[in-house]
Amino acid sequence: MNTQIKRLEDKTIELTLSIPWEDIQKVYSEVVDDFVKETELPGFRKGKAPREAVEKNLDKNKVYEEVMQRMIPKVYSEAIETEKIHPIVMPKITLTEAKEGNPWTILAITCERPTIDLGDYKKAVQDIKAAKQKKIWVPGQEPTKEKGEKEKKVSLDELLAAIHGVIKTTLPAILLDQEVNHLLSDLVDQTKKLGLSVEQYLTSTNRTAEGIKHEYEHQAERTLTLEFALEEIADKEGVLVSDDEIDTVIKTAKSEEEKQSLEKQRYYLATILRRQKTIDTLANL
């Protein structure tokens with residue numbers, strides 16, 4: 001297999017994979033063999049029909065679809081290992097050339113972790129905290145001591161907004177597209193639960209499909225940027241999560257089934273706990 005790689009500035013990676021015709025023929029033959037095992041023709045028991053007779057009745061397109069389903073994961077895995085790529089998303093695969101007798105060409109688009117410039121995130125946090133402390137109250141409208149202390153405390157949204165304001169990064173287009181599509185998919189599911197179509201939902205909320213897509217693009221950019229930034233800050237601040245901390249969360253499970261489910265998600269729990277500890281660290285700067 002011949003591989004060509006193109007790295008873009010936003011960490012998008014384009015892999016052009018050329019698969020020799022001989023390799024395609026080999027897998028094609030294996031797929032046909034499997035069809036023979038599952039096919040039952042008049043006069044023959046299942047799996048006992050002559051190969052030629054079975055192959056003659058097969059839809060070539062379906063056979064080639066199965067060939068690609070078997071080959072793409074293999075050739076893609078080989079390519080990222082050979083090129084030492086560390087993808088963070090599932091690839092977007094396009095079959096760009098597929099002629100019998102010639103090598104087939106596949107374009108696989110993926111991306112690696114974007115570069116994050118954290119800026120002076122500590123100063124940003126300290127500035128927002130100082131601004132809250134210096135808030136001026138209108139005479140006669142001073143809050144109670146309890147309310148005043150609460151309003152001087154930096155909220156999570158304010159903290160994240162301060163960090164987001166100083167971060168510089170360029171997110172890979174494929175990563176943003178996948179996040180937006182995820183949000184749109186969630187919207188479809190939510191509207192179905194309400195017994196509405198997406199069009200009815202948009203009409204009832206006085207929004208448009210273009211407007212909500214634009215809204216989701218901004219949401220995806222902010223969410224992803226903050227996720228990567230908090231991971232960078234956690235590394236910089238030495239924020240770690242111990243097994244004991246994960247075990248403590250698992251012990252809160254209300255049933256044995258829930259406990260087993262949490263056990264299988266230890267890595268995810270560690271990620272959530274580390275993110276929360278990072279936010280706590282920032283709040284205490």
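I'd like to know which of Thr115, Ala253, Met90 lies farthest towards the positive end of the charge dipole of the chain, counting +1 on Cβ of Lys and Arg and -1 on Cβ of Asp and Glu. Of the candidates, Ala253 comes out farthest on the positive side.
Work out, step by step, the length gained on full extension between Asp34 and Leu285: first 0.36 nm times the residue separation, then minus their alpha carbon distance; give nm to one decimal.
In short, 84.1 nm is gained.
Expressed as a whole percent, the proportion of Cα-Cα pairs in the chain lying more than 29 Å apart is 62%.
Calculate the translational D of region 116-235 in whole µm² s⁻¹ from Stokes-Einstein, where the hydrodynamic radius comes from the Kirkwood formula applied to all Cα pairs, the temperature is 20 °C and the viscosity 1.002 mPa s. Roughly 123 µm²/s, to the nearest whole number. Structural size metrics of region 2-111, computed from C-alpha coordinates, are Rg and Dmax of 17.4, 62 Å.
The smallest convex shape that holds all Cα atoms of region 239-285, its convex hull, gives 67 Å³ per residue.
Averaging the sequence gap over all C-alpha pairs within less than 8 Å and six or more residues apart, then dividing by the number of residues, gives the chain a relative contact order of 17 percent.
The relative contact order of region 2-111, computed from alpha carbon pairs under 8 Å that lie at least 6 residues apart in sequence, is 35 percent. The gain in end-to-end length when the Arg113 to Gln126 segment is fully stretched comes to 1.9 nm, 0.36 nm per residue minus the alpha carbon separation.
Which lysines have a Cα less than 20 Å from the Cα of Lys11, not counting those fewer than 8 places away in the same chain? Within the straight-line cut-off, Lys11 pairs with Lys84, Lys92, Lys168.
Length gained on full extension, Asn57 to Ser185: 42.2 nm, using 0.36 nm per residue less the C-alpha separation.
Every read-out reported here was derived from the displayed coordinates using simple, explicitly stated rules and does not represent laboratory data. Values in this document were obtained by computation on a predicted structure and should not be read as measured data. FYI the Cβ positions are ideal-geometry reconstructions off the backbone, even for glycines, and counts take in every protein chain you see.
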